[in-house]
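Visitor: The structure is given below, and queries will be raised subsequently.
Just so it is clear, none of the values below were taken in a lab; they were calculated from the coordinates. The structure displayed is predicted, hence computed values, not measured ones. Ideal geometry is used to build each Cβ from the backbone, glycine not excepted, and the neighbour counts take in all protein chains shown.
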Amino acid sequence: MNHVPRQSDTIRLSVALGFLILLSFFAGLGSGPLFDVDEGAFSEATREMLVGKNYLTTFLNGKPRFDKPILIYWLQLVSVRTFGLSEFAFRFPSAVSSALWAITTFLFVRKERNDGEAWLAASLMVLSLQITIIAKAAIADALLNCCLAISMFAIYRYRRLGQASSIYLAFGAIGLGMLAKGPIALLIPLAVSFVFFLLQRDLNGWMRAVSHPGGMLLFLLIVLPWYTLEYLDQGKAFLEGFFMKHNVGRFSSSLEGHSGSLFYYVPVVLLGIMPSTGLFFVVLRHLRTLVSDPLNRFCLVWFGFVFAFFSLSGTKLPHYMIYGYTPLFLLMANAFPSGRRPVLLALWPAAFLLILASAPVVTGELLQRVTDPFVRAQLQGALQVMQARHYAPVVAAAALLVLGLQTAGFMRPLYRFIAGGTVMLLAVNFSILPVVSAVMQEPVREAALLSRKEGYKIVMWKVYYPSFFVYSESLAEKRRPEAGEVVLTTLSHLGRLEKPRILYSKYGIVLAKLPEEP
């Protein structure tokens, strides 16, 4: 497995990486409805910004939304004004951010190592299961990760070369990250750089870096205007909602029920970096050798801090671990030649696809045991969609192809591995995710479009689908419906309403009208 592409392959590798980026981040970008809650919430806040023309404070369903800073909403707004109000427009900034993230990774590793390792690191990132998902999601995480990667690479370059341009790049990227997601964009670079400089016995260098006058001024010029104006506009509500609830509160307690054990992120990592999971164990086996290299040490500190910090956090969500994935891809690319048998690496994505191919059988078994009307309707809908799209044979065939590619004697092991990962990517993006989208979100979109067409004023009861606001282009009250009102709910709660008239029903999601008072 020690075949590494030659330096002369730069153009060919760049074209290949560009193809993977298009396939992973842009293909089918607007083909499915927005996912709730996050995509729906971000997109609706952008729609309300478009309608209300308030470009300072974001609103969701008519109320201030302090979850995230402003940058992603501005980018989505520009995209919507360019491409129109559509799923593609809401997701386009994330796809572009992810592409820039991958290109930045390629360029950095190319400077620090070689073309082949740079291509492999960037390709592993582009093919990653979690990253291909967030790259096509209308949320702030792809943008944040792009800013994190740029800032962390710049920090390492500054430590190695001492160039002023690197420190300005680091501070600028951190500032944009602060506008994209908040203090986490500052915390990770600050903590990781401190530990790394400490290991390098260069704390004086760290102090000079973090107190660099020009860098600090650039950071403040980027961050202060919006944060200051938002505080002047919203006052204490902004401080309590954004800083205390959505930043301090997420670490100190379980926010919105998103909790987990200390080992929550172990399976998240193993699944999230698929198809590269086998390479993760190659890294672990050769950790002692890898740590002798300064860049590898930097990457280990970066991943280790993110893993430890969020494992100790009260609020746990799978996408938090992506903040530490970039260094993993660098480590795995460096460790790739140390792997013994390529076919063992392919077992992970193949097994993952075979397990997913069994979904129709598992769904049928669950139907025999579940009694909740909404869950049953969702499972029945999933079975119908999977059968109509020949889901199981397609995904199973992809799993076998992933394994089969490892025996392609005319291909180098590196290319076999990437080819297998590409097959997994195609199966996920064009077979698995569309089934999930069709069952979970298509009914919400159809109910919203019907509501917009008929001019219904909606009450949401026992459900919360922000994407409904986007598609209906209207707001809704969240409460128990009264006589004569139209309600969006699920089959689980429909029986608690008096003589509802069904206006729309699909996969357990129901739009109904209550009779007028006598």
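Visitor: For segment 322-420, just run the numbers: alpha carbon Rg, then divide by 2.2 N^0.38 Å, N being how many residues it has.
Guide: 1.45
Visitor: While we're on this one: By how many nm would the segment from residue 281 to residue 312 grow when fully extended, if each residue of separation counts as 0.36 nm and the alpha-carbon distance is taken off?
Guide: Stretched out fully, the residue 281 to residue 312 stretch lengthens by 8.8 nm.
Visitor: Let me ask something additional. Any idea how far the Cα center of segment 415-459 sits from the one of segment 180-210, in Å?
Guide: Each part reduced to its Cα centre gives a spacing of 40 Å.
Visitor: Using alpha-carbon pairs under 8 Å, 6+ residues apart, how would you state the relative contact order of segment 122-234 in percent?
Guide: The value is 24 percent.
Visitor: Show me the ranking of peptides 334-340, 200-206 by mean Cβ neighbours inside 10 Å, starting with the highest.
Guide: 334-340, 200-206
Visitor: Of 468, 263, how do they rank once you tally other Cβ atoms within 10 Å and put the fewest first?
Guide: By the 10 Å Cβ count, ascending: 263, 468.
Visitor: At a 10 Å Cβ-Cβ cut-off, how would you order 224, 50, 179, fewest neighbours first?
Guide: Ordered from fewest to most neighbouring Cβ atoms within 10 Å, 224, 50, 179 come out as 224, 50, 179.
Visitor: Using alpha-carbon pairs under 8 Å, 6+ residues apart, how would you state the relative contact order of the chain in percent?
Guide: 16
Visitor: Compute the long axis of helix 38-52 from its Cα atoms, compare it with the longest principal axis of the Cα atoms of the chain, and write down the angle in degrees, 0 to 90, nearest 10.
Guide: Taking the Cα atoms of the chain, the angle to 38-52 is about 70 degrees.
Visitor: Taking the number of other C-beta atoms within 10 Å as the exposure measure, put 111, 453 in order starting with the fewest.
Guide: The most exposed by this proxy come first: 453, 111.
Visitor: Based on the Kirkwood radius over alpha-carbon pairs, what value in µm²/s does the Stokes-Einstein equation return for the translational diffusion coefficient of segment 255-339 at 4 °C and 1.567 mPa s?
Guide: 97
Visitor: What lysines could a cross-link reach from residue 457, if we take a straight Cα to Cα line under 16 Å and drop same-chain neighbours fewer than 8 places away?
Guide: Hits, sequence-local ones excluded: 478, 513.
Visitor: Oh, and also: To the nearest 10 degrees, how steep is helix 71-83 against the longest Cα principal axis of the chain, on a 0 to 90 scale?
Guide: The angle comes out near 70 degrees.
Visitor: Now, a different point. Using Cα pairs closer than 8 Å and at least 6 residues apart in sequence, work out the relative contact order for segment 255-339, in percent.
Guide: 46
Visitor: Helix 87-112 sits at what angle to the longest principal axis of the chain, using alpha carbons and giving 0 to 90 degrees rounded to 10?
Guide: Rounded to the nearest ten degrees, it is 10.
Visitor: Hey, can you rank 371-378, 277-284 by average C-beta count inside 10 Å, highest first?
Guide: 277-284, 371-378
Visitor: Here are a few candidate values for mean projected area of the Cα convex hull in nm²: (1) 30.1; (2) 25.9; (3) 23.3. Which one was actually calculated from the structure I just gave you?
Guide: Matching the structure shown: (2).
Visitor: Next up: Could you derive backbone 3J(HN,Hα) for segment 58-69 from the dihedral phi with the Karplus parameters 6.51, -1.76 and 1.60 (θ = phi - 60°), listing whole Hz in sequence and x where the residue is Gly or Pro?
Guide: Whole-Hz 3J(HN,Hα) from phi for segment 58-69: 8, 10, 10, 6, x, 10, x, 10, 9, 4, 9, x.
Visitor: For a test of the definition: using alpha carbon positions, the gyration tensor, and the 1.5 limit on a/c, classify segment 140-252 as rounded, prolate or oblate.
Guide: It is prolate, given that a/c is not under 1.5 and a/b is the larger ratio.
Visitor: Let me ask something else about it. Longest span of the chain, sites excluded, free of GluC sites (Glu not before Pro) in DSSP loop with at most 16 other C-beta atoms within 10 Å?
Guide: 1-472
Visitor: Suppose only helical runs count, i.e. DSSP H with n ≥ 4. What mean residue ellipticity at 222 nm does that imply for the chain under -39500 (n - 2.57) per run, divided by all residues and rounded to the nearest 500 deg cm²/dmol?
Guide: One gets -20000 deg cm²/dmol as the mean residue ellipticity at 222 nm.
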